[in-house]
Amino acid sequence: MRKFINEPSKVAQETLEGFLAIYGDQFAQVPGTLAVAKRVLDDKVAIVSGGGSGHEPVWLEYIGPGFADAVCQGDIFAAPAPQSIVRAAKAVERGRGILFVYGNYSGDRLNFDLAAEELQAEGHEVLTVRVADDVAAAPPDRANDRRGIAGGFFVSKIAGAASEAGLDLKSVQELATLAADRTRSMGVASAGGTIPGTDEPTFVLPDGKMEIGMGMHGEAGVRRADMATADETVDHMIRLIVGDRSLSPDEKACVLVNGLGATTRAELLIIARRTAWVLDQAGIRIHDLQVGDFATSQEMHGFSISVFGLTPELQKLYDAPGRTSFFSGANRH
Amino acid sequence: MDRMTAGDVRSMLIAVADRIITSERLLTKADRDIGDGDHGLGMTRGFTAVRELLLATTFDDVRGMLSGVGDTLITSMGGASGVVFGLLFRAGAQGLPPSDVLTVPIAADHFERSIREITRRGGATVGDKTMLDALHPAVESLRRSSEAGDTLAYAFRRAAIAAGEGADRSKDLIARFGKAMTLGERSLGFPDAGAISTTIIFTAMAEWTAANNEHPTTSAQGEV
């Protein structure tokens, strides 16, 4: 055990308390849950996100102006229970309906679907957008089986901005769905993370090997390969990402280079450098490039790259004001 | 014994909870082999809450109790397992009148209804390397026992064996559902953790029923 934690069973709650120690003037814990809600609510569609904890800043910190109104965490790597989601949603619903935005995992689907049915039975309008951006998880003909990874950032940004723009529930859902459909990601890792309270990492890679297509919970990727340089790895990943969904010549892209927990800032910058270069060589214009830990998996050593192809309307929403603890707006203007 | 009182069922379910709780490490390891390693923690959390519920409450209605156990699992566990194992106890009891006893036909009906709901919501089917690969043969066995007029002890024993065989066969399946799905052929050789949990549940039911076969704790709800 090398983690600076207290009781393993209290990790999710104490993480949340730390977040509120910083941002408690804006957000408050929803009683009886691991959910956090905005203190001041605007008259707009309520965006509610959530999923297992242990991926911080996902989902705990995906809350703020232009992002979610409530986020509902579960225990480490486990989807939140329906009752928690219902309470989180009710804490922020203002009669304009609720949009669920979450990653495409069976546990999240099961629990959010039960929550949606309960809310609908009480007369609330609920629609859902699932993020399924991981191209390594399944081939294109089984895109519904794909997992949601760091590309959820773009979907959250668009959903939040569309809601702030005062659009109705159906329109917000359509735009967030469009963003999800136009986002592709892929991860790679050279070492796994350990769930607090367990002694062994969720997977062990032989020294000198990397897992291409690694999932956010240590799920295996498409294959194991010999460790390669940053440039070789980026080139390979971009080929797979752009190969899965090619961008049209007039389509600008938002790009996210994401650290999975134990990757140094220097590594991420080296990766960002190559990513920008490769995309430029491929004739893809980058509208914005974000680099940092946006979706992690404990101390997993690795990174993911996400590419989000914009339309003019999506670009406007992406550029609209939005702020979280880890994001303050587009880097390129 | 061909019928159990609500008090018997309560004692049996406490035995189930105890067995799951003591299996935490086994389940954690099984899940880590081909999943994310949180199955043991979640099941222990859920069945600890179930144990507290059962110890704190007396029940006249078996279906109400099963429903309460399911709700408690869904609420306390989260994750896919919370809903799936919650539905195992809850879905078969929903929308049906109260029953003050559990018989083999009632158990067979209950778990058949639960399987339908788990399949409808979860989207997995038999052969996908999930808990269904243990649950489905167990429930088929219960149905056969119901038609044959078997005692509860015999029916649960047969169901537990069928579940265990199903869990064992899941080693030879390639995961097509859940977090192990992307492992593909690398999931071969490992049983599904949910199938193991299912086997533990039926085994604990069978063992409690066998041990209390001669002298069921008819109405002594205080005893466990």
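The values are calculated or read from the model by the stated rules, or taken from the named source; none is laboratory data. Keep in mind that this is a model prediction, so the values were computed, not measured. Cβ: placed from backbone, ideal geometry, glycine included. Neighbour counts: every protein chain shown.
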Completion exercise
All conditions in (1) without any contact (Cβ under 8 Å) to a residue 24 or more places away in the chain; (2) within 14 Å of another protein chain (Cβ to nearest Cβ) are true of residue B:147 except (2)
Fill in the blank from the handout: Within the range A:131-142, residues within 13 Å of chain B (Cβ to nearest Cβ) and surrounded by fewer than 24 Cβ atoms within 10 Å (Cβ to Cβ) come out as A:138, A:139, A:142
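Return a yes/no flag: does the range B:165-180 have any residue that is within 14 Å of the chain's Cα centre (by Cα) and either in a helix (DSSP H, G or I) or modelled with pLDDT of 95 or more (or both). Working first, answer last.
Of the range B:165-180, the ones within 14 Å of the chain's Cα centre (by Cα) are B:166-167.
Then keep just the ones that are either in a helix (DSSP H, G or I) or modelled with pLDDT of 95 or more (or both); that gives B:166-167.
Yes - at least one qualifying residue is present in the range B:165-180.
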Fill in the blank from the handout: In the range A:33-78, residues that are within 10 Å of chain B (Cβ to nearest Cβ) and either part of a loop (DSSP other than H, G, I, E, B) or out of contact with any strand residue (DSSP E or B) (no Cβ under 9 Å at 6 or more places or on another chain) (or both) total 4
Completion exercise
Taking the range A:19-32 and keeping residues part of a strand (DSSP E or B) and of a type outside the set (S, T, N, Q) leaves A:27, A:28, A:30
Practice task
Looking only at the range A:230-237, decide whether some residue is among the β-branched types (Val, Ile, Thr), in contact with a strand residue (DSSP E or B) (Cβ under 7 Å, 6 or more places away or on another chain) and within 14 Å of chain B (Cβ to nearest Cβ).
Solution key: no
Exercise for the section: Give the range A:273-293 a look and list any residue that's over 17 Å from residue A:246 (Cβ atoms) and free of Cβ contacts under 8 Å to residues at least 12 places away in the same chain, or say none. Expected result: A:273, A:277
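In the list A:240, A:260, A:269, which residue meets the criterion of being over 23 Å from residue B:186 (Cβ atoms) and either of a type outside the set (D, E, K, R) or buried (at least 16 other Cβ atoms within 10 Å of the Cβ) (or both)?
Values: A:240 fails: over 23 Å from residue B:186 (Cβ atoms); A:260 fails: over 23 Å from residue B:186 (Cβ atoms).
Going through A:240, A:260, A:269 in turn, just one is over 23 Å from residue B:186 (Cβ atoms) and either of a type outside the set (D, E, K, R) or buried (at least 16 other Cβ atoms within 10 Å of the Cβ) (or both): A:269.
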Fill in the blank from the handout: Per the list (1) in a helix (DSSP H, G or I); (2) under 30 Å from residue A:174 (Cβ atoms); (3) touching a Gly at 6+ places or on another chain (Cβ under 7 Å), residue check on residue A:268 breaks on (2)
Exercise for the section: Please identify the pairs in which a residue from the range A:295-312 that is over 26 Å from residue A:205 (Cβ atoms) has its Cβ atom under 6 Å from the Cβ atom of a residue that is among the aromatic types (Phe, Trp, Tyr) and buried (at least 23 other Cβ atoms within 10 Å of the Cβ), counting only partners at least 6 apart or on another chain. Expected result: A:308/A:154
Problem - Residue, farthest from the chain's Cα centre (by Cα), within the range A:199-243, restricted to residues that are at pLDDT 95 or above and acidic (Asp, Glu) - result: A:226
Completion exercise
Quick count over the range A:79-129, residues being in contact with a Phe, Trp or Tyr (Cβ under 8 Å, 6 or more places away or on another chain), more than 8 Å from every other protein chain (Cβ to nearest Cβ) and among the polar types (S, T, N, Q), is 1
Handout entry: Failed item in (1) at pLDDT below 95; (2) among the polar types (S, T, N, Q); (3) closer than 25 Å to residue B:18 by Cβ, with residue B:94 passing the rest
Key = (3)
Handout entry: Long-range neighbours under 8 Å by Cβ, at least six apart or interchain, first residue more than 7 Å from chain B (Cβ to nearest Cβ) within the range A:208-220, second surrounded by 23 or more Cβ atoms within 10 Å (Cβ to Cβ) and of a type in the set (Asp, Glu)
Key = A:213/A:134
Practice task
May I ask you to list pairs of residues, at least six apart or on different chains, whose Cβ atoms are under 7 Å apart, with the first in the range A:71-96 being in the same structural domain as residue A:34 (by TED's automatic domain parsing) and at positive phi and the second being crowded, with 24+ Cβ neighbours inside 10 Å and assigned to a helix (DSSP H, G or I)?
Solution key: none
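Let's see how each residue does on (1) surrounded by fewer than 24 Cβ atoms within 10 Å (Cβ to Cβ); (2) among the hydrophobic types (A, V, I, L, M, F, W, C); (3) outside any helix (DSSP H, G or I):
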site	(1), (2), (3)
A:153	no, yes, no
A:156	no, no, no
A:159	no, yes, no
A:163	no, no, no
A:167	yes, yes, yes
A:178	yes, yes, no
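Would you mind stating whether residue A:28 is assigned by TED's automatic domain parsing to the domain that holds residue A:147 and either free of Cβ contacts under 8 Å to residues at least 40 places away in the same chain or surrounded by fewer than 22 Cβ atoms within 10 Å (Cβ to Cβ) (or both)? Outline the logic, then answer.
Numbers: assigned by TED's automatic domain parsing to the domain that holds residue A:147: yes; either free of Cβ contacts under 8 Å to residues at least 40 places away in the same chain or surrounded by fewer than 22 Cβ atoms within 10 Å (Cβ to Cβ) (or both): yes.
In short, yes.
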